[in-house]
1. Which loop trypsin sites (Lys or Arg not before Pro) in region 1-93, with loop taken from DSSP, have no more than 12 other Cβ atoms within 10 angstrom of their Cβ?
2. Between residue 55 and residue 22, what FRET efficiency comes out of the Förster formula 1/(1 + (r/R0)^6) with R0 = 25 Å and r the beta carbon distance, rounded to 0.05?
3. Along the principal axes of its C-alpha atoms, what lengths does the chain span, in descending order and rounded to whole Å?
4. With a 1.4 Å probe and all protein chains left in place, how much of the accessible area of the chain comes from carbon and sulfur atoms, in whole percent?
5. ³J(HN,Hα) across region 51-58 via Karplus (A = 6.51, B = -1.76, C = 1.60, θ = phi - 60°), whole Hz, x for Gly/Pro?
6. Would you mind getting the accessible area per residue of the chain, heavy atoms of the protein chains only, 1.4 Å probe, in Å²?
7. Quick one: Karplus J couplings for region 20-32, per residue in order, coefficients 6.51, -1.76, 1.60, θ = phi - 60°, nearest Hz, x for Gly and Pro?
8. Is region 1-49 rounded, prolate or oblate when judged by the Cα gyration tensor, a ≥ b ≥ c being the square roots of its eigenvalues, rounded requiring a/c under 1.5 and prolate requiring a/b larger than b/c?
Amino acid sequence: EDHLPFFGLFYMTKVAELAMYVFDPTIRGNLAFKDFMIRFVPSCLGYLDAYTDATAIQIANSCEDPFAQHLAAWMAGTYIAGVIIVQWVVVACLTLTDPTHACLMK
């Protein structure tokens with residue numbers, strides 16, 4: 001199935017996030033379950049949102065209609081610029097430079 005690679009990556013990423021939260025000695029205190037879920041669930045939804053965007057690009061690209069092909073190219077461009085470069089690369093770099101690690105643990 002085409003969705004299994006995404007699910008595997010999603011699972012490994014979330015397990016790594018949980019492991020960092022549990023085993024990082026620099027994190028002080030504990031979050032209540034509700035507070036933890038308020039932070040963890042939106043990160044899962046953000047991950048799924050990026051996946052559905054990428055899937056939409058693939059679907060548009062697979063259509064034979066020239067407009068769909070043109071639309072897929074623009075969708076891919078905005079996905080690369082807005083999701084991959086800004087959200088994943090720039091935010092990740094800013095997160096790693098935060099000495100408190102508060103952004104990393106969000």
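1. Listed in order of number, the matching sites are 28.
2. About 0.20, to the nearest 0.05.
3. 56, 30, 21
4. Roughly 71 percent of what the probe reaches on the chain is carbon or sulfur.
5. Ordered by residue, 3J(HN,Hα) equals 5, 5, 4, 5, 5, 4, 5, 5 Hz.
6. Accessible area per residue: 76 Å².
7. 4, 5, 6, 9, 6, x, 7, 7, 9, x, 10, 8, 5
8. On the way: a/c = 3.79, a/b = 1.81, b/c = 2.10.
It comes out oblate by the Cα gyration axes.
The values are calculated or read from the model by the stated rules, or taken from the named source; none is laboratory data. The structure presented is a predicted model; accordingly, all values stated were derived computationally and were not measured. In this analysis, Cβ positions are derived from the backbone assuming ideal geometry, glycine residues included, and neighbour counts consider all displayed protein chains. When the accessible area is computed, the model is the full protein with side chains, heavy atoms only, and any ligands, DNA or RNA have been set aside. Shrake-Rupley method; radii C 1.70, N 1.55, O 1.52, S 1.80 Å.
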